[in-house]
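See below for the structure under consideration.
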Amino acid sequence: MKCVHQTADRTTAQLLRGALESEGIAIVVQGEDLAGAAGELPVGASALYRVCIVDDEQLPRAARLTRGWLDDHAAALAAEPWVCAHCGERHDPQFRSCWRCGAEAE
Ligand SMILES: [Zn+2]
């Protein structure tokens, strides 16, 4: 089993798995079971998730898709939620205008 990406961020691992599975590539996220025990981990410990492909023959394609996906999502993943300057509504970074008052994100 080959791993195409590793991350400490569970959401990233799951989103990447979804993206690759939608391309017909079977994915196993290793380390996922650590999340269930997260409350018991010592303070400061961080889980590490590995996104791995089941069929090694898909590695070249999976690696290429992973690079493209990471490029596309790097900005969004790094973005913080924003607060509308007009009405104070809070939004996730993928929304670029306020759903309440229609103001654009700054
Ligand atoms: Zn607003």
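Quick look at the numbers
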{"read-out": "Scope region 90-99; condition in a loop (DSSP other than H, G, I, E, B) and surrounded by 14 or more Cβ atoms within 10 Å (Cβ to Cβ); matching residues", "value": "Pro93, Cys98"}
{"read-out": "Long-range neighbours under 6 Å by Cβ, at least six apart or interchain, first residue touching a residue at least 24 places away in the same chain (Cβ under 8 Å) within region 79-106, second within 11 Å of the ligand (Cβ to nearest atom)", "value": "Trp82/His91; Trp82/Ala105"}
{"read-out": "Filtered residues of region 4-32 (kept if among the basic types (Lys, Arg) and at pLDDT 90 or above)", "value": "Arg17"}
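Condition check ((1) under 23 Å from Met1 (Cα atoms); (2) at pLDDT 90 or above; (3) within 16 Å of the ligand (Cβ to nearest atom)) across all residues:
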{"position": "Leu41", "(1), (2), (3)": "no, no, no"}
{"position": "Gln58", "(1), (2), (3)": "yes, yes, no"}
{"position": "His73", "(1), (2), (3)": "no, no, no"}
{"position": "Leu77", "(1), (2), (3)": "no, no, no"}
{"position": "His86", "(1), (2), (3)": "no, yes, yes"}
{"position": "Arg96", "(1), (2), (3)": "no, no, yes"}
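The values are calculated or read from the model by the stated rules, or taken from the named source; none is laboratory data. For clarity, every value in this text was computed on a predicted model and none was experimentally measured. All Cβ positions, glycine included, derive from the backbone under ideal geometry; neighbour counts span all protein chains shown.
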